[in-house]
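Report on one structure; see the data block that follows.
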Amino acid sequence: MRITLFAGILSFCICTASGQNKQTVNPNDPNKIIHYVGQLYDFKFFTIKDTIQIIVKQFFKNDVFCYTKGIPYALIIGTVTNNNNYPREISVLAICDQNIYNVGDKLKISQSNDPRIGSSSLHPIIFTHDTIINKKRYLYLIGSESPAVWGNVTR
């Protein structure tokens, strides 16, 4: 009886959730619901034609060897400095990049191929952040607040 009631309440919550949030049961604790922040849970990719320059605002290091458990990338969030045709702030996903970048570094970014296209069945290893607000757990994909590009980085 309790399981049926819980499943009914859960399905009602999921069906009535706004388009901005997704909800799911936490597999570690079926009594807790995780709220995935909608527009902050998917990257909005765009392409670049020219090399652009950015100033690093945030950096998240890749700690996984390339193509062993997924598609690792270094995440660089920066401000575009040399081109008004692109968004002012972007997220750069640099595939298999083991380098370290510091806040304030000036980098050049060129377009790279999307590693999800082709023969690989692996998925990108994502960086997430969660927070608890009013006893609800919210999870979002770090870097998804800015338009993203798969990029090669040079200094």
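The values are calculated or read from the model by the stated rules, or taken from the named source; none is laboratory data. Everything numeric here is computed off the predicted structure, so don't read it as measured data. Keep in mind that these areas ignore ligands, DNA and RNA; they rest on the heavy atoms of the full protein, side chains included. Shrake-Rupley method; radii C 1.70, N 1.55, O 1.52, S 1.80 Å.
Quick rundown of the values:
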| read-out | value |
| --- | --- |
| Probe 1.4 Å, accessible area per residue of the range 84-155, Å² | 61 Å² |
| Above-threshold pairs, the threshold being 28 Å between Cα atoms, out of Lys69/Lys106; Lys44/Lys136; Lys49/Lys69; Lys106/Lys136 | Lys69/Lys106; Lys49/Lys69; Lys106/Lys136 |
| Qualifying aspartates and glutamates (Cα of each under 19 Å from Cα of Lys108; at least 8 residues distant if same chain) | Asp50, Glu89, Asp97 |
